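Below is one structure, written out as structure tokens, with a few remarks after it.
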Amino acid sequence: MTKASHIVTMPDQWTSSVVFASPHSGKAYPSSLMRRTVLDELAIRSSEDAFVDQLVGDAPRFGAPLLCAQAPRAYVDLNRAVDELDPALIEGIPKVSHNPRIASGLGVIPRVVSNGRSIYSGKLTVQEAKSRLDAVWKPYHSALQGLLKQCQETFGQAILIDMHSMPHEAIDALGRSAQRRPQVVLGDRFGAAADAQIVDQVEAAFQAAGLRVARNSPFAGAYITQAYGRPSRRQHAVQIEIDRALYMDEKSVTPLDSFDSFRELMTGVIADLAKIGASKLPMAAE
């Protein structure tokens, strides 16, 4: 199913309680945004999780649904609450108590992209902001809620694997030796968003592929993990951040020559992750 805000790809046979999602890989930049922005076509893509939708694209082959954003993060950030509106960008929005994401320009309608570069020279109207949320944010989250609900009803649990990418400089900032810097960061909000047993299995899947994994540092999970991670209700959410330098040139936003081999490696990881949701459900495939 394809909409302006997102694409849902269903498996031929739904056998896993894992739902894969990529909320920041959208690259359908509206002409209205490109007319308004002071950035060029390359700079505005710097906060995009480019190619993550391709890395996770085989999920339906393994019995799991896949939800991918179409609209870009610079237009609407789907990993923010719908009310995280930035008064420095949107006219008539009252100042709220300190929210570090909004203060840094990274609200639900972003004011900046990577490295704090402004997207606009002026402000947006409240109506423009609301129309974006109605067209993009609400349909995406409605689709996500629907998939998780159906998982719960079918399998008795739901596991959201929320796929993202991180700038390589975020890893460099950790100050560890090159051999100890993580290539993948799992965010479960320090155990609040997913059972430890599930996060252990997620970590094991990446480690089995030879990737170095860390938890909750420097990324513990943002709005989606917080909003959808409800372990006590058998609904779990784990944010996955993958080092962009593993598969793309960040400056040119182009795949490396080794992209296909890394995608193949990730396909193996995705297969293992899908099994987490099927391992306790032997009847699901019948």
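Max-minus-min Cα coordinates of segment 26-183 on each principal axis give 47, 43, 33 Å, with the largest extent listed first. Rolled with a 1.4 Å probe across the full set of protein chains, the surface gives C151 an accessible area near 0 Å².
Within 12 Å, Cβ to Cβ, of R189, how many net charges do the neighbouring residues add up to if Lys/Arg are +1 and Asp/Glu are -1? Within the 12 Å Cβ shell, the charges total 0. All other residues whose Cβ lies under 14 angstrom from that of L148 are scored, Lys and Arg at +1 and Asp and Glu at -1, for a net of +2. Scaling against 2.2 N^0.38 Å puts the C-alpha radius of gyration of the chain at 0.98.
Most simply put, the chain has about 40% antiparallel DSSP beta bridges, counting only bridges with both residues inside it. Couplings 3J(HN,Hα) of segment 93-103, computed from phi: 8, x, 5, 10, 4, 4, 10, x, 5, 5, 4 Hz, in residue order, whole Hz [Karplus 6.51 cos²θ - 1.76 cosθ + 1.60, θ = phi - 60°; x for Gly and Pro].
Legend: residues D200, D49, sorted from most to least accessible area (1.4 Å probe; ligands, DNA and RNA excluded), read D200, D49. Residue order by solvent-accessible surface for W137, W14 is W14, W137, largest first, with ligands and nucleic acids left out and a 1.4 Å probe.
In a DSSP loop and with at most 13 other Cβ atoms within 10 Å, the chymotrypsin sites (Phe, Trp or Tyr not before Pro) in segment 190-231 are F190.
For the pair R180 and A192, label points projected 7 Å from Cα toward Cβ lie 2.8 nm apart. Taking amide hydrogens as placed 1.01 Å from N in the peptide plane, the amide H of R230 sits under 5 Å from those of Q235, H236, A237, each at least 5 positions away in sequence or on another chain. A simple charge model with +1 on the Cβ of Lys and Arg, -1 on the Cβ of Asp and Glu and nothing else charged puts the dipole of segment 130-215 at about 260 debye relative to its Cα centre. Computed over every Cα-Cα pair of segment 154-276 and binned at 5 Å starting from 0, the pair-distance distribution P(r) comes out as 2, 11, 21, 23, 20, 14, 7, 3, 1, 0 percent. Radius of gyration (Cα atoms) of segment 220-270, expressed as a multiple of 2.2 N^0.38 Å: 1.54. Taking a straight line from the alpha carbon of K275, these lysines sit under 25 Å away, with near neighbours fewer than eight places off in the same chain left out: K149. Given R0 = 30 Å, the distance between the Cβ atoms of E41 and A170 translates into a calculated FRET efficiency of 0.80.
Taking a sphere under 10 Å around the Cβ of V202 and counting the other residues whose Cβ falls inside, with K and R at +1 and D and E at -1, yields a net charge of -3. Sorting the segments 56-62, 263-269 by their mean number of nearby beta carbons within 10 angstrom, highest to lowest, gives 56-62, 263-269. Extension gain for the segment N115 to R233, taken as residue separation times 0.36 nm less the Cα-Cα distance, is 38.7 nm to one decimal. Think of it as helices only: each DSSP H run of n ≥ 4 in the chain is worth -39500 (n - 2.57), and spread over all residues that comes to -8000 deg cm²/dmol at 222 nm. Centre-to-centre separation between the Cα atoms of segment 46-106 and those of segment 137-158: 18 Å.
When you filter the GluC sites (Glu not before Pro) in segment 69-158 for DSSP loop state and at most 15 other Cβ atoms inside 10 Å of their Cβ, you are left with E91.
The values are calculated or read from the model by the stated rules, or taken from the named source; none is laboratory data. It should be emphasised that the depicted structure is a prediction, and the values quoted were computed from it without experimental measurement. Neighbour counts are summed over all protein chains in view; Cβ atoms, including those assigned to glycine, are modelled from backbone coordinates with ideal geometry. With ligands, DNA and RNA removed, areas are computed over all heavy atoms of the protein, side chains included. Shrake-Rupley method; radii C 1.70, N 1.55, O 1.52, S 1.80 Å.
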